[in-house]
Amino acid sequence: DAGVTQSPTHLIKTRGQHVTLRCSPISGHKSVSWYQQVLGQGPQFIFQYYEKEERGRGNFPDRFSARQFPNYSSELNVNALLLGDSALYLCASSFGGSTSYEQYFGPGTRLTVT
Amino acid sequence: TQLLEQSPQFLSIQEGENLTVYCNSSSVFSSLQWYRQEPGEGPVLLVTVVTGGEVKKLKRLTFQFGDARKDSSLHITAAQPGDTGLYLCAGVTGGGNKLTFGTGTQLKVEL
């Protein structure tokens, strides 16, 4: 069975631009969470979506937004990119909306903002 | 803001040595998870500890949750090169819809 997939693997953007990252959860999983991992640090929670509704939001500015589609895939959008947005963006899927369900992480999208 | 501090930040040891990684917080968590992350991959769950004082063993890895559910430790016996990676603890808050990750411990085990 396929694990969590994310696209693209890497991308380079310029300050002020917009970026869209995509995530496909494991088949049967209804929850997707997004995390930002800056080099040398642990991941930080951005959003969780369950059954297409936002269930949690971390301490990130409004430039960050996300949505979940009827097939449970998800997009993370970041507007007006800053140099500090350079990071590995991780997507995790789980069966349910609670962390009592194991979360499975994808390989991440490496975003570089120049 | 809930913070999970891990120590040490970096650890480089020889094959066969023992080591302990610590995860400390001033906050109480309903449960705590440990992950290992390798370069180019996402974190992989190793264990979840739920009860204060709980000890879980996974082959050569021993995990302990503090009595007050604020801290945890990971002990590796006879480390092997395959244990190399970034070890992350993560606390689960009440309501349980997000993980608060620790600062990470980068472990390198050399032959």
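I'm told B:Y87 meets every condition in (1) within 14 Å of chain A (Cβ to nearest Cβ); (2) crowded, with 18+ Cβ neighbours inside 10 Å; (3) over 11 Å from the mean Cα position of the chain (by Cα) except one. Can you identify the failing condition by its number?
(3)
If B:V47 satisfies every condition in (1) of a type in the set (A, V, I, L, M); (2) buried (at least 17 other Cβ atoms within 10 Å of the Cβ); (3) touching a residue at least 24 places away in the same chain (Cβ under 8 Å); (4) within 13 Å of another protein chain (Cβ to nearest Cβ) but one, which is the exception?
Failed condition: (3).
Does the range A:89-114 hold any residues that are crowded, with 20+ Cβ neighbours inside 10 Å, within 9 Å of another protein chain (Cβ to nearest Cβ), out of contact with any Cys (no Cβ under 8 Å at 6 or more places or on another chain) and assigned to a strand (DSSP E or B), and which are they?
Scanning the range A:89-114 gives A:L90, A:A92.
Is it the case that B:K59 is at pLDDT 95 or above, in contact with a strand residue (DSSP E or B) (Cβ under 7 Å, 6 or more places away or on another chain) and surrounded by fewer than 16 Cβ atoms within 10 Å (Cβ to Cβ)?
Considered against the rule, which asks whether it is at pLDDT 95 or above, in contact with a strand residue (DSSP E or B) (Cβ under 7 Å, 6 or more places away or on another chain) and surrounded by fewer than 16 Cβ atoms within 10 Å (Cβ to Cβ), B:K59 comes out as no.
Give the residue, chosen from A:S65, A:S31, that is of a type in the set (S, T, Y) and away from chain B (no Cβ under 14 Å).
Just a single option satisfies the conditions, and that option is A:S65.
Could you tell me whether any residue of the range A:60-69 is crowded, with 20+ Cβ neighbours inside 10 Å, out of contact with any Lys or Arg (no Cβ under 8 Å at 6 or more places or on another chain) and in contact (Cβ under 8 Å) with a residue 12 or more places away in the chain?
The answer is yes; a qualifying residue exists.
For the range B:91-111, give me the residue count where each residue is part of a strand (DSSP E or B), surrounded by 18 or more Cβ atoms within 10 Å (Cβ to Cβ) and either in contact with a Cys (Cβ under 9 Å, 6 or more places away or on another chain) or more than 10 Å from chain A (Cβ to nearest Cβ) (or both).
5
The values are calculated or read from the model by the stated rules, or taken from the named source; none is laboratory data. Quantities reported herein were computed from a predicted structural model and do not represent experimental measurements. All Cβ positions, glycine included, derive from the backbone under ideal geometry; neighbour counts span all protein chains shown.
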